[in-house]
Amino acid sequence: MDQGQKHQIRGYEFHVTGALEKDGRYRGMILISKRGDTQQVYAKPVLVETPSSFKSVHAALIEASAYAQELIYNGAIKALLPADAPLAGKQAPQPPDFVGN
């Protein structure tokens, strides 16, 4: 899967990418922008890292793609996603603006 392309599986929308770590290896990253079960769209994508790292970015992208599919098809993705994340198009609640003291 190409990192610049949005992917959709069972209503989930995500991108995959790879990140270079300090040891010179690459870790796959899954950026989830929409939940498939609730159709909730996240204002800021939720990051899920792959458990393994690799010597090439290509291998990290393959792992991220396969990991995303595995999480979605077996339902484990639900446990990794926040239920109350800010929605796209709506502002997150702001703390009160305290003046004084």
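The values are calculated or read from the model by the stated rules, or taken from the named source; none is laboratory data. None of these values were measured; they are calculated from a predicted model. We place every Cβ from the backbone using ideal geometry, glycine too, and count neighbours over all the protein chains shown. All accessible areas refer to the heavy atoms of the entire protein, side chains included, with ligands and DNA or RNA removed. Shrake-Rupley method; radii C 1.70, N 1.55, O 1.52, S 1.80 Å.
In the condition set (1) of a type outside the set (Phe, Trp, Tyr); (2) open to solvent by less than 60 Å² (accessible area, probe 1.4 Å); (3) more than 16 Å from the chain's Cα centre (by Cα), residue 60 is compliant with all but (3).
Restricting 4, 28 to those that are at pLDDT below 95 and either on the phi < 0 side of the Ramachandran plot or not β-branched (Val, Ile, Thr) (or both) reduces the list to 4. Could you check the stretch 57-101 and list, in sequence order, the residues that are acidic (Asp, Glu) and modelled with pLDDT of 95 or more? Hits for the stretch 57-101 are 63, 70.
Of the set (1) under 20 Å from residue 5 (Cα atoms); (2) touching a residue at least 24 places away in the same chain (Cβ under 8 Å); (3) open to solvent by 60 Å² or more (accessible area, probe 1.4 Å), all apply to residue 37 but (1).
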